[in-house]
1. Longer than 21 Å from Cα to Cα, which of LYS465/LYS564; LYS186/LYS212; LYS336/LYS458; LYS343/LYS383 are they? Say none if no pair is.
2. Pick out, from PHE472, GLN485, VAL522, the residue whose Cα sits farthest towards the positive end of the charge dipole of the range 403-583, with +1 on the Cβ of Lys and Arg and -1 on the Cβ of Asp and Glu.
3. Three principal axis extents, largest first, for the C-alpha atoms of the range 504-624, in Å?
4. Could you work out the relative contact order of the range 403-583, using alpha carbon pairs under 8 angstrom and six or more residues apart, expressed as a whole percent?
5. Can you tell me the order of 456-464, 498-506, 118-126 when each peptide is scored by its average per-residue count of other Cβ atoms within 10 angstrom, highest first?
6. Could you give the spread of the C-alpha atoms of the range 403-583 along their three principal axes, from largest to smallest, in whole angstroms?
7. So which trypsin sites (Lys or Arg not before Pro) in the range 263-317 pass both tests, a DSSP loop state and at most 11 other Cβ atoms within 10 Å of the Cβ?
8. Tell me which residues come under 5 Å, amide H to amide H, from MET377 once H is placed; ignore anything under 5 positions away on its chain.
Amino acid sequence: MDVGERELESHTIQLRQIFEKGIERIKIKETLNSILCMKCMKQNKARVMQYSRLYSLDFRRKWLAAKRTKSRFLDWNKTWLDRVINFACVKTKTTGRPKSEFQNLSYSGKFRRTEQLRKTETSELIFATELRLRSDGRPEAAKLLSRSRTVLSPNQEIKKNNQTTSKNAQSPLSSDQALALFLDAKLTKRSYQLLRNNAKENNFDIYPSYNKIREAKQLCYPENISAQEHSVVLPLQSLLDHTTCRLLSTLDLENQHFENLNFTLITKWGMDGSSGQNEYKQAFEGNYSDSNLLLTCLVPLQLNTTNGQSAKIYVWQNPHPASTVYCRPLKMQFLKETIEISKKEKSHMDQEILNLSPTNFRLKNNSVILVKHELYMSMVDNKMINSITGTSSQKCYLCGASPIEMNDIDAVLKRTVDKNHLSFGITSLHAWIRSFECILKISYRLQIQKWQARGDDKNVIKQEKNRIQAAFRSRLGIIVDQTKQGAGTTNDGNTARTFFQNYKVSAEITNIDENLIYRIYVILQVIASGFDIKIREFKYYCIATGRLFLHLYPWYRIPASLHKIFIHSAEIIKSVPVPIGQLSEEAQEARNKEYRRAREQNSRKCNRVSTNRDVFNYLLVTSDPKITSLRKHSTPKKKIFCPEALNMFKSFKTTSSNHSSDDDSD
């Protein structure tokens, strides 16, 4: 029994009232039909109407048998009137073709079938459909339908879908991007192939083949590289031309209207010798040894031009002047750093710099710009400077003052300075180390108060040294003034910075005046900052610190490294075209560590020429300006400057990061 039949069965009492009315009006069929229109469902109406016709004929027969008397009719037909009507037994005759399923209808048929549904509110239809989809076991379709109840406009919905699609779409890496990733992750060919194959197995074909990376590497190599068993040499002109073109290719110069201007690329260069390198089991032709290395490099610092009013326009500045990411190799030689070799290499470089010609670069609009070059030899340590200038390590290579004369500040301020040597800079990394070592040596001698120790004084110095080393190890966790086999001492740049950053603890351990350590710390912060410096204020601050040094410890002779800082730093800063912190030698020092790793992991070992060429190529790729611009660089720690240091800066508009994370040592 369907819904319409159950509804009619529940209205038996109303049917009896119909017949009572029919006794009076003899219009049973019409009365029953009017009620059926209100109570019955449309699909059951025909069946019930047939049953009402039969029931009315039976009524007329029984009414006539009772002689049209109401009381007699009710008494004789009580059982017939009280019985339950069963509509299930009623059979209707259907005519016409069978009803088609909705999905088989045409558009017009579906339109007619849904005429009543389309009169319902949209929200009700969506909600009912969502519930039906969930009951049919289609939750994903129900979720999709529920999104249509949001307040997003059609354009917003399309935009949102496009964003989702674009995020899910694969975007293959270019060859340069893949090479940058290759360098950042320190991958080898085998590890890159493993990474690429694994991605392809999971339907992520985003890594280009290694042949594409090899082609990108070829673009990082300048012309005229000469590789031999004992050296790899690259002409300065070739390296500068290649570096300039790769750098300019990363800049959008067409839209800035720089076509008709002359550019100047300021570059620092230097060389440094390192001993204790690994000796490989490969034969040499000649008397050479790969235990000693002399590496010459250069770093581009700034690209500028001038407008009609002769004002400088800074087109590009090196964001990492103290890092190796822009440190370009020029020469790699298995030579021991000696005075003769240092002078020879310096003379050869001076000749190449003298013969340099400007670099021509063609823009996309076929206009040509001209780039001139300025080079400064600042990536050197004091040993190299003394070798080139022919000065003893105890003397000042700028004014020629001896250790005894350095303690007379008024006298040395009147001495003449060799201006040709100002371009060597301050060597800010070694300034940290030498200042740190100077304070340590004074603390060792506080009990004897002598510059030189003899006899029993040496035992006193040794005991004090052991005490200070143990105190620093326990309180600051640093190892000071201990020899490392084949690598100098533990007094590196990071150890010196930790010492000065914790100047209060350092003063307690060493018993050195806290104000003196603090003032030296301020000076070192200023020269290593990379900011433009107020030269006059800085000069007076340095001289005052030197006078305080001599007032507290007049028995100790100021070393040449501190003498240069106290007396000549302001004049050096004034002579160079960029902030003195950008001329740091840290990049040159850190290259030695990268050379060891490249030689071990990124070179062929079949013969010495191939090994040297591969190492040199790796250093070129890791410092290529275009590839470096695509690499992910770690964010440097925020520098916290002392208040006195802040007062000596002209401005803070710089992007340089001058503190390397490597343990650079002399």
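Throughout, read-outs are computed from the coordinates displayed, never taken from laboratory work. Because the structure is predicted, anything quoted here is derived from the model rather than measured. Heads up, the Cβs are rebuilt from the backbone with ideal geometry, glycines too, and the neighbour counts pull from every protein chain shown.
1. Table pairs above 21 Å Cα-Cα are LYS465/LYS564; LYS336/LYS458.
2. Selected residue: GLN485.
3. 62, 37, 24
4. Contact order relative to length: 36 percent.
5. 498-506, 456-464, 118-126
6. In descending order, the Cα extents are 46, 32, 32 Å.
7. Here the sparse-neighbourhood loop sites are LYS281.
8. The answer is TRP269.
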